[in-house]
Ligand code: SDX
């Protein structure tokens with residue numbers, strides 16, 4: 001069957017090439033421009049990679065217009081309501097939902113790996129008590145690479161899957177200790193009589209002097225939140241992990257690079273920035289002032305939690321989370337300090353969605369707009385929100401790393417550029433400069 005192509009003609013020379021079109025299961029076909037430089041002596045340029053496919057992937061599919069999010073073909077709405085984060089992490093890594101036997105084996109393996117080397121605890125001492133938790137996550141996760149360097153041959157499939165399971169197992173241990181470090185409480189070890197999310201909450205909130213009571217609704221809300229943050233196609237932090245891993249670097253070092261990228265307010269740091277924004281607004285009557293600032297081209301201010309590079313109608317995760325938000329808050333007592341923030345969030349969403357500026361630019365609440373409110377309702381401090389995002393997204397990051405390392409077309413990532421600097425010039429001795 002004749003493969004479809006796109007014809008590109010350099011009108012300055014009349015030279016023409018045929019570029020193959022590749023089609024996937026769903027979504028936009030892609031133009032294979034690999035021969036462009038060889039045939040026409042040109043590169044493509046696409047700052048921010050708004051229309052550039054960096055890879056072939058079978059992990060996650062997004063449709064930004066229809067608000068569709070599939071993980072290995074399964075709709076996020078079904079996974080969020082019927083699965084668990086641990087099971088979704090298995091699905092992302094292995095490509096299929098586990099059988100009951102496979103899940104028990106996986107859960108036991110994760111429990112076997114959930115301790116971290118005692119010497120890793122010493123890295124926490126190097127951080128001030130008030131260090132931002134994401135700075136600690138970056139450092140400690142990167143440091144963990146030193147404990148699994150000699151035993152991780154990135155060319156060996158068994159080593160790759162083992163380090164993937166180790167990462168899934170150890171991220172709650174590290175994330176909870178980041179929190180404990182900040183509040184000066186003793187570190188809590190994993191308790192393998194508990195499930196994955198229960199263990200995470202126990203390591204975060206338990207103290208040695210008394211048992212910690214786990215609330216099933218809080219566990220369920222956090223489990224769903226982790227599912228909704230597990231993976232999201234080739235977003236900035238996932239692309240970072242792929243590029244860092246493409247040099248055959250230690251995968252935990254690549255994950256540390258992904259955590260660094262996620263930290264930014266334009267990406268995973270937005271959930272923390274949303275709460276800070278709601279607190280800065282302080283009262284529903286102040287909303288118009290903040291909306292005006294967000295619309296003012298002279299002001300770099302943006303409404304945190306609004307807009308998305310891909311979703312241009314609604315973020316399906318925000319739809320699920322906003323429902324969970326109302327459920328968590330309905331259970332909350334009337335004078336909870338969160339209620340005013342939730343009211344500001346609801347009013348802000350209403351006003352923004354009726355405003356021509358946001359409608360015209362297709363700016364809708366994204367996953368981060370609501371996630372902060374639920375995390376706060378679960379007594380998780382604002383500066384820990386992106387740590388939760390990182391713990392969840394580590395499943396997507398390592399799944400993408402595995403897929404890249406197994407790709408028959410695997411090669412180091414090395415983009416080119418359009419050079420706009422000085423023409424060639426000769427060095428001038430210091431005493432001859434103007
Ligand atoms: C995540 O990629 C992923 O999948 C990310 C993520 C994941 O799961 O990995 O979904 C998680 O990062 C969600 C996004 C969280 N970030 C925020 O909530 C921060 C606020 N949002 C913006 O910074 C912005 O919307 C981005 C970064 C999310 C998207 O940026 P784009 O796609 O580069 O959009 P843009 O900057 O080109 O904006 C287009 C227009 C501009 O106006 P004009 O120049 O056309 O007049 O929309 C405006 C922007 O000024 N705009 C906003 C805005 N977001 C975009 N104006 C006010 N407030 C905003 N939030």
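Just a few scattered comments:
- Each residue, residue 357 and residue 18, gets one label point 7 Å from its Cα in the Cβ direction; the gap between the two is 5.0 nm.
- Tilt relative to the chain, helix 316-330 - C-alpha long axis, 0 to 90 degrees, to 10: 20 degrees
- Normalising the average separation of contacting C-alpha pairs (under 8 angstrom, six or more residues apart) by the number of residues puts the relative contact order of region 82-195 at 31 percent.
- Max mean-square fluctuation residue, GNM over the chain, Cα-Cα springs under 10 Å, options 267, 149, 22: 22
- Relative contact order %, the chain, counting alpha carbon pairs below 8 Å whose residues are six or more apart: 20 percent
- Note on residue 407/residue 284: beta-carbon distance plugged into 1/(1 + (r/R0)^6) with R0 of 51 Å gives a FRET efficiency of 0.50.
- Helix axis angle, 251-263 relative to the chain longest principal axis, alpha carbon, degrees: 80 degrees
- Gyration tensor (alpha-carbon) shape descriptor, region 262-364, a/c threshold 1.5: prolate
- Span from the region 358-406 Cα centroid across to the region 172-213 one, whole angstrom: 21 Å
- Shape class for region 343-411, computed from the alpha carbon gyration tensor (a ≥ b ≥ c): oblate, with a/c not under 1.5 and a/b at or below b/c.
- Three-way shape call for region 192-324 based on the alpha-carbon gyration tensor, with the a/c threshold at 1.5: oblate
- Distance from the alpha carbon centroid of region 258-333 to that of region 52-84 works out to 22 angstrom.
- Entry for the chain at q = 0.07, 0.08 Å⁻¹: log10 I(q)/I(0) = -0.39, -0.51, Debye formula applied to identical alpha-carbon scatterers, no solvent contribution.
- Mean Cβ neighbour count within 10 Å, used as a protection proxy, ranking 378-384, 84-90 highest first: 84-90, 378-384
- Residues residue 5 and residue 424, FRET efficiency given R0 of 45 Å [Cβ-Cβ distance, rounded to 0.05]: 0.75
- Gain on full extension, evaluated as 0.36 nm per residue between residue 293 and residue 46 minus their Cα-Cα distance, stands at 86.0 nm.
- To the nearest ten degrees, helix 367-377 and the longest principal axis of the Cα atoms of the chain are 20 degrees apart.
- Using the Cβ-Cβ distance between residue 309 and residue 336 with R0 set to 45 Å, the FRET efficiency works out to roughly 0.85.
Values in this text are rule-based calculations from the coordinates and carry no lab data. Every value quoted in this text rests on a predicted model; they were computed, and no experiment measured them. Backbone-built Cβ (ideal geometry, glycine too); neighbour counts: all protein chains shown.
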